[in-house]
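Notes follow the structure.
The values are calculated or read from the model by the stated rules, or taken from the named source; none is laboratory data. Computed from a predicted model, the values in this text were never measured in an experiment. Cβ atoms come from the backbone with ideal geometry, glycine included; neighbour counts cover every protein chain shown. The accessibility values were calculated without ligands, DNA or RNA, using every heavy atom of the protein model including side chains. Shrake-Rupley method; radii C 1.70, N 1.55, O 1.52, S 1.80 Å.
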Amino acid sequence: MPNERDELISGINLLQIYLTPEQIELFLEYAKELREWNKQINLISRRDIKNLIPHHFLDSLSALRYLRQWIAEKIFEPKVIDIGSGGGLPGIPLKIACPEIHLTLLESITKKAKFLEYIVKHLNLQNVEVINLRAEEFLKNQNYRGQYDFALARAVAKLKELLKWSFPLLRGEGILIAYKTDKIREEIKQATAVLKRLNGLVKEEIKITLPIAESPRILLLIKKR
């Protein structure tokens, strides 16, 4: 097993991200708990657990620079929802690195939601809510519709479905941040009608190069107009 501390520090330097020593410790504790729980619950592919830092933590953190930029410009504490959070990715890494966000972790599988509740308490993360519901059911609650500044989605569904789940939850000018592969063009094409109907605009496609990744990752930013 490589030294995870060095692996994390090397990766955040590559992504030009600053973390405090306390934040780095939280990441290492999070990694330890993920590995332990993953023996019983399939939070992360067991074939890829050895690549937890580069493939999962650093991938999640690739949106941090843009999140911090929007916070600095608008001077607010944004409400963020992580749709299909699984083991807490990308929501928890972004919360550790950017404590001012108010985070909702939406997860339909009860065992995974139990882990999320545990890890939020274990890491003493504030202003984090875990909701154990399918996205379709969650959308029926009017108290959450139009409440979020950002929606996150990583390895959850095709873009067409993500738009249907996320846009009703976003405020005006809210942004969906979808973590995708370099094959995103076909998904955008398939989602054209939904984008038009929901009045969404593809704001940016940002190519991210991660350590030991086989292909570039794409951060797809879609704005609600």
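Figures for the structure shown
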{"read-out": "Checklist (1) touching a strand residue (DSSP E or B) at 6+ places or on another chain (Cβ under 8 Å); (2) open to solvent by less than 50 Å² (accessible area, probe 1.4 Å); (3) modelled with pLDDT under 95 applied to LEU52, failing item", "value": "(1)"}
{"read-out": "For VAL128: the one exception among (1) under 15 Å from the mean Cα position of the chain (by Cα); (2) open to solvent by less than 20 Å² (accessible area, probe 1.4 Å)", "value": "(2)"}
{"read-out": "Test for ILE177: is it closer than 20 Å to ARG65 by Cα and crowded, with 20+ Cβ neighbours inside 10 Å", "value": "yes"}
{"read-out": "Output for segment 99-115, where each listed residue is surrounded by 17 or more Cβ atoms within 10 Å (Cβ to Cβ) and either under 14 Å from the mean Cα position of the chain (by Cα) or closer than 11 Å to LEU125 by Cβ (or both)", "value": "ILE101, HIS102, LEU103, THR104, LEU105, LEU106, GLU107"}
{"read-out": "Residue count for segment 72-89, restricted to those that are modelled with pLDDT under 95 and either under 26 Å from ASN42 (Cα atoms) or crowded, with 17+ Cβ neighbours inside 10 Å (or both)", "value": "1"}
{"read-out": "Test: LEU210 is open to solvent by 20 Å² or more (accessible area, probe 1.4 Å) and part of a loop (DSSP other than H, G, I, E, B)", "value": "no"}
{"read-out": "Hey, PRO168 surrounded by 14 or more Cβ atoms within 10 Å (Cβ to Cβ), under 30 Å from ILE9 (Cα atoms) and more than 17 Å from the chain's Cα centre (by Cα) or not", "value": "no"}
{"read-out": "Those residues of segment 176-187 which are within 21 Å of the chain's Cα centre (by Cα) and either modelled with pLDDT under 95 or part of a loop (DSSP other than H, G, I, E, B) (or both), in sequence order", "value": "LYS180, THR181, ASP182, LYS183, ILE184, ARG185, GLU187"}
{"read-out": "Residues (without any contact (Cβ under 8 Å) to a residue 24 or more places away in the chain and either farther than 20 Å from GLU33 by Cβ or among the charged types (D, E, K, R) (or both)) located in segment 74-127", "value": "LYS74, ILE75, LYS114, GLU117, LYS121"}
{"read-out": "Any pair with Cβ under 6 angstrom, 6 or more apart, that starts in segment 164-191 at a residue that is hydroxyl-bearing (Ser, Thr, Tyr) and ends at one that is in a strand (DSSP E or B)", "value": "SER166/ALA151; SER166/LEU176; TYR179/ARG154"}
{"read-out": "Candidate set: segment 32-49, residues that are of a type in the set (D, E, K, R) and without any contact (Cβ under 8 Å) to a residue 24 or more places away in the chain; chosen: the one least open to solvent (accessible area, probe 1.4 Å)", "value": "ASP48"}
{"read-out": "Where a residue in segment 128-139 is under 13 Å from GLY91 (Cα atoms) and its partner, wherever it lies, is open to solvent by 40 Å² or more (accessible area, probe 1.4 Å) and of a type in the set (Lys, Arg), with Cβ under 9 Å and at least six apart", "value": "VAL130/LYS114"}
{"read-out": "Meets criteria (within 25 Å of LYS203 (Cα to Cα) and surrounded by fewer than 20 Cβ atoms within 10 Å (Cβ to Cβ)) for TYR18", "value": "no"}
{"read-out": "The listed residue being of a type outside the set (Asp, Glu), at pLDDT below 90 and on the phi < 0 side of the Ramachandran plot, out of ASN13, ASN3, ASN38, ASN42", "value": "ASN3"}
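Results for (1) farther than 26 Å from LYS207 by Cβ; (2) in contact with a helix residue (DSSP H, G or I) (Cβ under 9 Å, 6 or more places away or on another chain); (3) not small (Gly, Ala, Ser), shown as yes or no for each residue.
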{"residue": "ASP6", "(1), (2), (3)": "no, no, yes"}
{"residue": "GLN23", "(1), (2), (3)": "no, yes, yes"}
{"residue": "LEU28", "(1), (2), (3)": "yes, yes, yes"}
{"residue": "ARG46", "(1), (2), (3)": "yes, yes, yes"}
{"residue": "ILE53", "(1), (2), (3)": "no, yes, yes"}
{"residue": "LEU58", "(1), (2), (3)": "no, yes, yes"}
{"residue": "ALA63", "(1), (2), (3)": "no, yes, no"}
{"residue": "TYR66", "(1), (2), (3)": "no, no, yes"}
